[in-house]
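Take a look at the structure below.
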């Protein structure tokens, strides 16, 4: 099975709030020193899903990513996990929040790659949390899509996809080519082996420019303007409930809870 | 319908065959926006059967109700719903299309926006209108809630927004309010066959739904197992509360997935949120930071949860919860 996986490099989502700061004039996050970007954790699960299918059926996994060609961490990690080939499409000028421009460029890259059975991506990127790229790509490519998958099975060339929703479980069946976005219920993404890392370091990553994919991004980009980006503090002042022992303190807390409950 | 500026709300129906509370919130929010430009609020209801609920919406601030009734439609069929909703958008020509940040909204909003060449903002916590610029301004959390982004709609373009639950205020029902019901012919409804639904299990939650609860008692990895959650359920029962969880108990299969609160689970904003054995990872906090008051119980005095809580108790939950259950139980009696 020919599988294309879209991966994105993001600011480490586990970055402590103290290290998170925003350039208010440029409306963007200031990359913290000593914290390199990481592969979007949901995309790592998409790579994992691709590897599970390849282990069962064989085939090839191509990783594609938009971004600064000098920053290869995410695609190198995907190669180290076991992906076969990788392409970075230079996209410095894209606005972070422009899901249409990104989906457009990724779709163009998919078309340039040509034959594929399945496109996988993470359910959302852990920076802008839009969760739209996969669905918009499916529209631009005219292929069926199932989002936020928990499990993908391939039987006789057909895909059976299970997904978890807010109030239940759903199972879908669809043919190929198709696009599936993957959610955290997929399980754990594998950690690259030492051998995988060595092999990945030797691999050539193809570098494409927007000219390689067709320079017509203006058709879809720039529908919304970012007016402002600001840090949002969720912090509150915590009143610690004290007591001689837990029983006493918990008794006081019970009174506070009862009070709030009455309001 | 002329040049009047219109807002179209994509409605969702719950298992009790009523508009969901989120849809009612959207209608309240849409009415407030529409008053600023003397526009109208329209509602689209896509249903396989009962159309009566459409009338109920008129008293809640709707001017035109579009009803698409087709026996083959289910809300799991994203492709068909995308086509139908896009078609109605072309017919109604709204300036703004609102829907909930639900499983359905997450799926149809980007696809409709791609088809209709519309602007798109996901998971908005606020939508306002700027008359000077004649544009909609949306606020949404990013970076797992560490930042807020404010985005403007483009001139003369349809703007599609999904809205987070509890961000807008529903209107009370105004009896006798006038509105128009428009049946959309289902001739063009072509049920998609490329993606076949094999199974659609709905979990019937016991007790109060997380989305509707005024009080939520939630547990994290610190509970150590299913037994801890039994204790939480006892407390929830006394408080008339719903029970939620963080990622760890879900991943460990102590509790089912639909109980998850956080970035990949449900976003809740009850009046009172009691966090037990929860460390306070950003991905969880983003799901509950809109709560009125947050009470945290954790053994570790340095746990991040205390930074976002109003009241904290540093204690082993196994010692603290029985006391809470006993004392609060007395008060209820």
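The values are calculated or read from the model by the stated rules, or taken from the named source; none is laboratory data. For clarity, every value in this text was computed on a predicted model and none was experimentally measured. Ideal geometry is used to build each Cβ from the backbone, glycine not excepted, and the neighbour counts take in all protein chains shown.
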Would you pick out the residues in the stretch B:142-160 that are surrounded by 20 or more Cβ atoms within 10 Å (Cβ to Cβ) and more than 7 Å from chain A (Cβ to nearest Cβ)? B:158, B:159, B:160
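Hey, can you tell me all the residues within the stretch A:207-243 that are in a strand (DSSP E or B) and either surrounded by fewer than 15 Cβ atoms within 10 Å (Cβ to Cβ) or facing another protein chain (nearest Cβ under 7 Å) (or both)?
Taking the stretch A:207-243 as the starting set, the residues that turn out to be in a strand (DSSP E or B) are A:207-208, A:224-231, A:239-240.
Listed by number, the residues that qualify are A:207, A:224, A:225, A:226, A:227, A:228, A:229, A:230, A:231, A:239, A:240.
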Number of positions in the stretch B:126-136 that are surrounded by 20 or more Cβ atoms within 10 Å (Cβ to Cβ) and either under 20 Å from the mean Cα position of the chain (by Cα) or more than 11 Å from every other protein chain (Cβ to nearest Cβ) (or both): 2
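Among the residues of the stretch B:306-331, write down those that are in contact (Cβ under 8 Å) with a residue 60 or more places away in the chain and crowded, with 22+ Cβ neighbours inside 10 Å. Walk me through it before giving the result.
Filtering the stretch B:306-331 down to residues in contact (Cβ under 8 Å) with a residue 60 or more places away in the chain leaves B:317-318, B:321-322, B:324-325, B:328-329.
Passing the criteria: B:317, B:321, B:324.
Conditions tested, residue by residue: (1) touching a helix residue (DSSP H, G or I) at 6+ places or on another chain (Cβ under 7 Å); (2) under 28 Å from residue B:108 (Cβ atoms); (3) modelled with pLDDT under 95.
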residue	(1), (2), (3)
A:48	yes, yes, no
A:77	no, no, no
A:85	no, no, no
A:91	yes, yes, yes
A:132	yes, yes, no
Name the single residue, out of those in the stretch A:113-123 being at negative phi and out of contact with any helix residue (DSSP H, G or I) (no Cβ under 6 Å at 6 or more places or on another chain), that is surrounded by the most Cβ atoms within 10 Å (Cβ to Cβ). A:119
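Go through B:138, B:190, B:175 for me and flag whichever is touching a residue at least 12 places away in the same chain (Cβ under 8 Å) and assigned to a strand (DSSP E or B). Before the answer, list the steps.
Working: B:190 fails: assigned to a strand (DSSP E or B); B:175 fails: assigned to a strand (DSSP E or B).
Going through B:138, B:190, B:175 in turn, the sole match is B:138.
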Conditions: (1) touching a residue at least 24 places away in the same chain (Cβ under 8 Å); (2) farther than 19 Å from residue A:183 by Cβ. Residue B:246 meets all but one. Number of the miss? (2)
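Would you list the helices (runs of 4 or more DSSP H) that sit entirely within the stretch B:219-323 and hold 1 or more residues that are modelled with pLDDT under 95 and within 18 Å of residue A:167 (Cα to Cα)?
Values: elements: B:226-239, B:247-251, B:282-285.
Filter on the stretch B:219-323 gives B:247-251.
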The listed residue being under 30 Å from residue A:221 (Cβ atoms) and more than 12 Å from chain A (Cβ to nearest Cβ), out of B:168, B:231: B:168
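Here is a yes/no grid of residues against (1) at the interface with chain B (Cβ under 8 Å from one of its Cβ atoms); (2) in contact with a strand residue (DSSP E or B) (Cβ under 9 Å, 6 or more places away or on another chain); (3) closer than 22 Å to residue A:190 by Cβ:
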site: A:69; (1), (2), (3): no, yes, no
site: A:72; (1), (2), (3): no, yes, yes
site: A:100; (1), (2), (3): yes, yes, no
site: A:106; (1), (2), (3): no, yes, no
site: A:125; (1), (2), (3): no, yes, yes
site: A:147; (1), (2), (3): yes, yes, no
site: A:152; (1), (2), (3): no, yes, yes
site: A:157; (1), (2), (3): no, no, no
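Need a quick list: strands (runs of 3 or more DSSP E) entirely within the stretch A:101-202 having at least 1 residues that are free of Cβ contacts under 8 Å to residues at least 40 places away in the same chain.
Details: elements: A:118-122, A:145-155, A:158-165, A:168-174, A:178-182.
In the stretch A:101-202, A:145-155, A:158-165, A:168-174 are the strands (runs of 3 or more DSSP E) which contain 1 or more residues that are free of Cβ contacts under 8 Å to residues at least 40 places away in the same chain.
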Counting just the residues of the stretch B:109-125 that are part of a strand (DSSP E or B) and within 9 Å of chain A (Cβ to nearest Cβ), which one comes out nearest to residue B:286 (Cα to Cα)? B:123
The one condition in (1) farther than 17 Å from residue B:320 by Cβ; (2) buried (at least 16 other Cβ atoms within 10 Å of the Cβ); (3) within 10 Å of chain B (Cβ to nearest Cβ) that residue A:256 fails to fulfil: (1)
Of these, B:114, B:165, B:85, B:92, which one is surrounded by 24 or more Cβ atoms within 10 Å (Cβ to Cβ) and closer than 26 Å to residue B:63 by Cβ? B:85
Could you please find all residues in the stretch B:256-278 being more than 12 Å from chain A (Cβ to nearest Cβ) and buried (at least 20 other Cβ atoms within 10 Å of the Cβ)? B:277, B:278
Can you name the residue in the stretch B:171-199 that is surrounded by fewer than 17 Cβ atoms within 10 Å (Cβ to Cβ) and closer than 30 Å to residue B:288 by Cα and, of all such residues, is nearest to the other protein chains (Cβ to nearest Cβ)? B:172
What strands (runs of 3 or more DSSP E) completely inside the stretch A:2-86 contain at least 1 residues that are without any contact (Cβ under 8 Å) to a residue 12 or more places away in the chain and either surrounded by fewer than 19 Cβ atoms within 10 Å (Cβ to Cβ) or at negative phi (or both)? A:21-23, A:28-30
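Filter the stretch A:131-144 for residues that are surrounded by 24 or more Cβ atoms within 10 Å (Cβ to Cβ) and more than 7 Å from every other protein chain (Cβ to nearest Cβ) and give the result.
Applying the first criterion (surrounded by 24 or more Cβ atoms within 10 Å (Cβ to Cβ)) to the stretch A:131-144 yields A:131-138.
Hits for the stretch A:131-144 are A:133, A:134, A:137, A:138.
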